[in-house]
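J.: Structure provided below as structure tokens; questions to follow.
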Amino acid sequence: MKKVLFVFLVISVTGIITFATTINFMMMSGSGAREFIAEAVPLFEKETGIKVNVEFTSWGEGWTKLMAMVASGQGPDVTQVGTTWVGALQATKAFVDLTDMEDYFGGKEYFLGGPWKTRGYDGRMYAVPWFADIRALVYRKDLMEKYDLPNPPKTWGDLLYSAIFLKEKGEIEYPVGLRGKGNGHYVGSFLWQNNTDIISEDGDEVLLDSEKAFESVKFWADMLGKYKVMSPGLADMGHNEICVSFFNGDVAFMYPGPWFVLKVDRKISEEWLKSGKIGIALQPGKNENLRTGFVGGSDLMISVESKNKEAAMKWIKFLTRPEIQALLAEKMFVAPTVKAAYEEPFFHQEPYAEMWKDFKMIGDAGSHYPIHPAWGAMERFVPQIIVDIFSANANDNLNDEKIRSLLKEYDKELQQALDSYK
Amino acid sequence: MTSLKARNALFAYRLLIPAIILTFFVHIIPTIWGVYISFRGLNVYYIRDWTQAPFVGFANYTRALSNIQGVFWSSLSYTLIFVIASVFGCFILGILGAVLLNGYFKGRNVIRGVLLIPYILPGVVSLTNLRFMFLQDWGIINSILLKTGLVSEPISWLTGKMALLSIIIGNVWVRWPLWFITILASLQSIPGELYEAATVDGASDWQKFTRITLPLISPTITVLTVLTALWSFNNFTVPFILTGGSPSKEANILSLNIWIRSFKNWDFGMGAAMSVVMMLIMLILILAYLRFTKLEAE
């Protein structure tokens, strides 16, 4: 009995000494997330002696869990957050202001320009950029070469012409794959590609009830309703289904991030890359000079209630080291936010070297939704307008009048949300 | 005797105390808190400290009831259609199932067990399966309809006007077994002599059904109707699972609408105001029902 107690005492004390500090980290599930954590956490624990407990949650639940965390004051020390959430979360004052720690995390020159802008509003830093979700035009390069179509399509006209051509040739019935379910960031993209935005630069006015916004929404709505180069079945599809459809030969143009290669067996995606079937380019704009796409991703924030802020900052600094960013890219196929990471050997390995070069170039020309406290409330507009457009199409009343009326209504509603945060 | 009565009553009250305490903390306090929030401008700025949220009077109610696109009112009308159609669907299927299974035949017990499966399975499982069946391009329902030539193009079950029918089907699917098993139990308690006497008097099957069966099972049907209506009115699971939380207008019934306002928009004040209005509507319906049954009894 004494021996048992002695052994128990030794184990307990060893445990206490070995992991004197424990931090909790909430991460969104995604392809490769668990594999990344399985490698990264032991490295960090060995290096620092700080234990990391990781809780996975889905993107859908993550927003709700964050709200519960803010309301209750109970939650993880470090949280992964979507870049579009940073403004709203900063406004809650439930997260640590890291402005004075900018240099500790590397500072402006350490990170890519686009992701750096997502760190907070009013010049403050509440979030550290972690990885970039760069949305590109991924397309069937082989078909464009076969039929001598614009390669890549650089304008909306190029995209539409190519899609109609492929449809009429009998090659693919519905060549364009844009998600009809969930948060389709292409809604913002089409606005930026027409040199407009959702809210004005001064953050005071919603711009949806405008001719440019109408043109933007009409363009992709017409691909669905008028030209029928988008399947009505996309209403039920998210990125997973669209990427699978792409590799099944049922879609020729889609707007995913680099993670699209993980949606099917890696052998298939690698084979397609090697054989030149896949083209990756900046999304087309209304004209060539307006080409851009959504560059989002994830940032890391520290809870103001955390009792281990120093350990939390060490964990974040670890996650933004170039070699760890490369590990993250290897497992999850997301783009690093750290410039130096792109020098890591992983990004020069075939058959992905060209792909990463393309995504990095695209990331530099990307755009993002406003980092604004009201954006959390306004972001619902994005999936809702997608649903409304697909619904109108299903109800056979998708026309210009319907689009204008939807945009007018959303303009009013979002203006109300924006005004409530002044 | 009085002392014994008092002791029995005290014993009964003691047994009720845990339920009362639970109801107080799970229902009463949140309801009062919800009413309080409905008069506050509670958004992301005030989540950490709700008491700092400004008092806005009836502004949340005004916004909710005169909402853009008339969302509240269209949501309410779709909710009422959802409730009425669900009750009707459960009634028809429940009666049919119970009457068919009332008589003995080989394999009856097996069939009865199979028909209970949608009720026994967790709702998320049944409804997720149903969602896959409804998928426009990949779902089995469209596949069968197209292959049999019943439709020439795939139907958009989960988007647009068909979305309301889909959530009604989903709700009936998970609820109708309760109707059938309860009505079956009720049928089996009807004395057989009544039917024998009716047969002797020359009554047809339809007359036996309408003059004997229906009147005797009507108390059961009444209870099932009230319960199904209440459960359907504030049902969240069915539309959420089938639409993925992003419903088209036709499937955006009140419960889901309130959730979206509160937990997606972080507009808790308005979500609370809509909840209070929903509660008042249900209260009016229940009071009307109680008054109607009281008059009927008198």
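J.: Within 13 Å of chain A (Cβ to nearest Cβ) and not in a helix (DSSP H, G or I) - does that describe any residue in region B:194-204?
T.: no
J.: Further, regarding this structure: Working carefully through the options A:Pro370, A:Pro322, find the one that is over 23 Å from A:Ile280 (Cα atoms), free of Cβ contacts under 8 Å to residues at least 40 places away in the same chain, in contact with a helix residue (DSSP H, G or I) (Cβ under 8 Å, 6 or more places away or on another chain) and not assigned by TED's automatic domain parsing to the domain that holds A:Ile199.
T.: Just one listed residue meets the conditions, A:Pro322.
J.: Take region B:47-91 and flag every residue that is in a helix (DSSP H, G or I), within 11 Å of chain A (Cβ to nearest Cβ) and modelled with pLDDT under 85.
T.: Selection gives B:Trp50, B:Arg63, B:Ile68, B:Gln69, B:Gly70, B:Val71.
J.: Show the residue pairs meeting these rules: Cβ distance below 8 Å; 6+ apart or different chains; first residue within region B:247-260 and aromatic (Phe, Trp, Tyr); second residue buried (at least 24 other Cβ atoms within 10 Å of the Cβ).
T.: Going by the 8 Å Cβ cut-off, the qualifying pairs are B:Trp259/B:Gly271.
J.: Return the only residue of A:Asp158, A:Asp142, A:Asp133, A:Asp100 being in contact with a Ser or Thr (Cβ under 8 Å, 6 or more places away or on another chain) and either part of a helix (DSSP H, G or I) or within 14 Å of chain B (Cβ to nearest Cβ) (or both).
T.: A:Asp142
J.: A further question follows. Only one of (1) modelled with pLDDT of 95 or more; (2) within 25 Å of the chain's Cα centre (by Cα) fails for A:Lys228. Which number is that?
T.: (2)
J.: Please work out if A:Ala365 is in contact (Cβ under 8 Å) with a residue 24 or more places away in the chain and within 30 Å of A:Asp209 (Cβ to Cβ). Before you say what the answer is, go through the steps one by one.
T.: Numbers: in contact (Cβ under 8 Å) with a residue 24 or more places away in the chain: yes; within 30 Å of A:Asp209 (Cβ to Cβ): yes.
Yes, satisfied.
J.: With the structure loaded, tell me whether B:Thr228 is under 20 Å from B:Leu100 (Cβ atoms) and under 17 Å from the mean Cα position of the chain (by Cα) or whether it fails that test.
T.: no
J.: Let me ask another. Inspect region B:120-135 for any residue being more than 14 Å from chain A (Cβ to nearest Cβ) and of a type in the set (Phe, Trp, Tyr) and give the result as yes or no.
T.: No, that holds for no residue.
J.: Pull out all pairs, ordered by first then second residue, where Cβ-Cβ is under 8 Å, the residues are six or more apart or on different chains, the first lies in region B:117-138 and is farther than 14 Å from A:Ala235 by Cα, and the second is modelled with pLDDT under 90.
T.: B:Ser126/B:Pro118
J.: Just one of B:Phe91, B:Phe55, B:Phe82 is closer than 30 Å to B:Arg261 by Cα and surrounded by 17 or more Cβ atoms within 10 Å (Cβ to Cβ); which is it? Working first, answer last.
T.: Values: B:Phe91 fails: closer than 30 Å to B:Arg261 by Cα; B:Phe55 fails: surrounded by 17 or more Cβ atoms within 10 Å (Cβ to Cβ).
Result of the check over B:Phe91, B:Phe55, B:Phe82: B:Phe82.
J.: For A:Lys154, are the conditions met, namely being basic (Lys, Arg) and surrounded by fewer than 22 Cβ atoms within 10 Å (Cβ to Cβ)?
T.: Yes.
Conditions tested, residue by residue: (1) part of a loop (DSSP other than H, G, I, E, B); (2) surrounded by 20 or more Cβ atoms within 10 Å (Cβ to Cβ); (3) assigned by TED's automatic domain parsing to the domain that holds A:Tyr186.
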{"residue": "A:Tyr227", "(1), (2), (3)": "yes, no, yes"}
{"residue": "A:Leu234", "(1), (2), (3)": "no, yes, yes"}
{"residue": "A:Val261", "(1), (2), (3)": "no, yes, yes"}
{"residue": "A:Trp272", "(1), (2), (3)": "no, no, yes"}
{"residue": "A:Gln283", "(1), (2), (3)": "yes, yes, yes"}
{"residue": "A:Leu300", "(1), (2), (3)": "no, yes, no"}
{"residue": "A:Lys307", "(1), (2), (3)": "yes, no, no"}
{"residue": "A:Ile316", "(1), (2), (3)": "no, yes, no"}
{"residue": "A:Ala329", "(1), (2), (3)": "no, yes, no"}
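J.: Pairs only if they're at least six apart or on different chains, beta carbon under 8 angstrom, first in region A:193-218 and outside the structural domain of A:Leu414 (by TED's automatic domain parsing), second assigned to a helix (DSSP H, G or I); list them, first residue then second.
T.: Final answer for the pair search is none.
J.: Okay, next question. Just one of the numbered conditions (1) more than 20 Å from the chain's Cα centre (by Cα); (2) within 27 Å of B:Gly244 (Cα to Cα); (3) more than 14 Å from chain B (Cβ to nearest Cβ) is not true of A:Arg34; which one?
T.: Of (1) more than 20 Å from the chain's Cα centre (by Cα); (2) within 27 Å of B:Gly244 (Cα to Cα); (3) more than 14 Å from chain B (Cβ to nearest Cβ), only one is false for A:Arg34: (1).
J.: Something else: Is it true that A:Phe381 is within 24 Å of A:Thr64 (Cα to Cα) and surrounded by 20 or more Cβ atoms within 10 Å (Cβ to Cβ)?
T.: Against the criterion (within 24 Å of A:Thr64 (Cα to Cα) and surrounded by 20 or more Cβ atoms within 10 Å (Cβ to Cβ)), A:Phe381 qualifies.
J.: Tally up the residues in region A:264-311 that are touching a Leu at 6+ places or on another chain (Cβ under 9 Å) and within 22 Å of A:Val86 (Cβ to Cβ), please.
T.: First, the residues of region A:264-311 that are touching a Leu at 6+ places or on another chain (Cβ under 9 Å): A:269, A:277, A:279-284, A:291-293, A:295, A:300-302.
Applying the additional criterion that residues be within 22 Å of A:Val86 (Cβ to Cβ) yields A:292-293, A:295, A:300-302.
Residues that pass the stated criteria total 6.
J.: A follow-up question, please. Would you be able to tell me the number of residues in region A:393-422 that are in a helix (DSSP H, G or I), closer than 17 Å to A:Lys218 by Cβ, facing chain B (nearest Cβ under 10 Å) and free of Cβ contacts under 8 Å to residues at least 12 places away in the same chain?
T.: 2
J.: Go through region A:61-86 and give me each residue that's touching a residue at least 24 places away in the same chain (Cβ under 8 Å), at the interface with chain B (Cβ under 9 Å from one of its Cβ atoms) and either surrounded by fewer than 16 Cβ atoms within 10 Å (Cβ to Cβ) or closer than 13 Å to A:Arg119 by Cα (or both).
T.: Within region A:61-86, just A:Gly73 meets the criteria.
J.: Please go through region A:242-259 and give me each residue that is assigned to a helix (DSSP H, G or I) and touching a residue at least 60 places away in the same chain (Cβ under 8 Å), ordered by number.
T.: Correct list: A:Ile242, A:Ser245, A:Phe246, A:Pro258, A:Trp259.
J.: While we're here: Is there a residue being touching a helix residue (DSSP H, G or I) at 6+ places or on another chain (Cβ under 7 Å) and of a type in the set (S, T, N, Q) anywhere in region A:275-282?
T.: So far as region A:275-282 goes, no, none of its residues is touching a helix residue (DSSP H, G or I) at 6+ places or on another chain (Cβ under 7 Å) and of a type in the set (S, T, N, Q).
J.: On the given criteria, is A:Ala377 within 11 Å of chain B (Cβ to nearest Cβ), among the small types (Gly, Ala, Ser), touching a Leu at 6+ places or on another chain (Cβ under 9 Å) and in a helix (DSSP H, G or I)?
T.: Criteria met by A:Ala377.
J.: A:Ile389: assigned to a loop (DSSP other than H, G, I, E, B), within 14 Å of chain B (Cβ to nearest Cβ), within 21 Å of A:Asn183 (Cβ to Cβ) and in contact (Cβ under 8 Å) with a residue 24 or more places away in the chain, yes or no?
T.: no
J.: Any residue at all in region B:232-248 that's out of contact with any helix residue (DSSP H, G or I) (no Cβ under 8 Å at 6 or more places or on another chain), under 15 Å from B:Tyr78 (Cβ atoms) and within 12 Å of chain A (Cβ to nearest Cβ)?
T.: Looking for residues that are out of contact with any helix residue (DSSP H, G or I) (no Cβ under 8 Å at 6 or more places or on another chain), under 15 Å from B:Tyr78 (Cβ atoms) and within 12 Å of chain A (Cβ to nearest Cβ), one finds none in region B:232-248, hence no.
J.: What's the number of the condition B:Arg112 fails, among (1) more than 14 Å from chain A (Cβ to nearest Cβ); (2) among the basic types (Lys, Arg); (3) closer than 22 Å to B:Ser166 by Cβ?
T.: Just one mismatch for B:Arg112, condition (3).
J.: Something else now. Tell me which residues, restricted to region A:331-345, are over 16 Å from A:Ala40 (Cβ atoms), of a type in the set (A, V, I, L, M, F, W, C) and under 19 Å from the mean Cα position of the chain (by Cα).
T.: Once the filter is applied, which keeps residues that are over 16 Å from A:Ala40 (Cβ atoms), of a type in the set (A, V, I, L, M, F, W, C) and under 19 Å from the mean Cα position of the chain (by Cα), region A:331-345 yields only A:Ala335.
J.: Restricting attention to region A:379-390, does a residue exist that is over 30 Å from A:Asp222 (Cβ atoms) and within 17 Å of the chain's Cα centre (by Cα)? Don't jump to the end; show me each part of the working.
T.: Step one: of region A:379-390, the residues over 30 Å from A:Asp222 (Cβ atoms) are none.
No, every residue in region A:379-390 fails to be over 30 Å from A:Asp222 (Cβ atoms) and within 17 Å of the chain's Cα centre (by Cα).
J.: Right, here's the next one. Criterion first (under 12 Å from the mean Cα position of the chain (by Cα), buried (at least 24 other Cβ atoms within 10 Å of the Cβ) and of a type outside the set (D, E, K, R)) does B:Val238 satisfy it?
T.: So B:Val238 passes the test.
J.: Hey, another quick one. Taking region B:249-268, which residues are small (Gly, Ala, Ser) and away from chain A (no Cβ under 11 Å)?
T.: Of everything in region B:249-268, just one residue is small (Gly, Ala, Ser) and away from chain A (no Cβ under 11 Å), namely B:Ser255.
The values are calculated or read from the model by the stated rules, or taken from the named source; none is laboratory data. Just so it is clear, the model here is predicted, and its values are computed rather than measured. As a convention, Cβ positions derive from the backbone with ideal geometry for all residues, glycine included, and neighbour counts pool all protein chains shown.
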